[in-house]
1. Working only within the stretch 71-104, note down all residues that are farther than 15 Å from residue 56 by Cβ and either of a type in the set (Lys, Arg) or in contact with a Ser or Thr (Cβ under 6 Å, 6 or more places away or on another chain) (or both).
2. With respect to residue 91, determine if the residue is at positive phi and within 12 Å of the chain's Cα centre (by Cα).
3. With respect to residue 53, is the statement that it is surrounded by fewer than 15 Cβ atoms within 10 Å (Cβ to Cβ) and not basic (Lys, Arg) true?
4. Just checking, does the stretch 35-45 include any residue being surrounded by fewer than 13 Cβ atoms within 10 Å (Cβ to Cβ) and more than 12 Å from the chain's Cα centre (by Cα)?
5. Among the residues that make up the stretch 22-33, is at least one of them crowded, with 19+ Cβ neighbours inside 10 Å and touching a strand residue (DSSP E or B) at 6+ places or on another chain (Cβ under 8 Å)?
Amino acid sequence: MEIKITTQDNLQIVAIEGDIDSSVASDVTEKIVPLATENAQVILEMTAVEYMSSAGLRTLLSMHRQATNNSAKLILVGLSEDIKDTMSVTGFLDFFTTADSLEEAQKLL
């Protein structure tokens, strides 16, 4: 699991590489949730995430709650079809704005 955070003004681009399961979810949560500060703009670039367990879904839900509480904008980029399907079936996909590319996500901000 690798997380790379790039900052451009008020925009945080978080590139996540590797599976998000119970063994890493708490570390991911600790690193990304605090980024959703007041009026922040956060893009989670997840192209290199092939698998996400229920612990990963909880991480995303925590991020969503933090963003909502702080009037921050959050966009998920590059979700695999499997992750989209899982998020759709569980109803999680409805909470998030998604994009296929970083360029598309930046336009949505």
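1. 73, 75
2. Against the criterion (at positive phi and within 12 Å of the chain's Cα centre (by Cα)), residue 91 does not qualify.
3. Values: surrounded by fewer than 15 Cβ atoms within 10 Å (Cβ to Cβ): no; not basic (Lys, Arg): yes.
For residue 53, the condition - surrounded by fewer than 15 Cβ atoms within 10 Å (Cβ to Cβ) and not basic (Lys, Arg) - is not met.
4. Step one: list which residues in the stretch 35-45 are surrounded by fewer than 13 Cβ atoms within 10 Å (Cβ to Cβ), which gives 38-39.
Now restrict to residues that are more than 12 Å from the chain's Cα centre (by Cα): 38-39.
Scanning the stretch 35-45, I find at least one residue that is surrounded by fewer than 13 Cβ atoms within 10 Å (Cβ to Cβ) and more than 12 Å from the chain's Cα centre (by Cα), so the answer is yes.
5. Yes, the stretch 22-33 has at least one match.
Rule-based calculations on the coordinates, nothing more; no lab input. It should be emphasised that the depicted structure is a prediction, and the values quoted were computed from it without experimental measurement. FYI the Cβ positions are ideal-geometry reconstructions off the backbone, even for glycines, and counts take in every protein chain you see.
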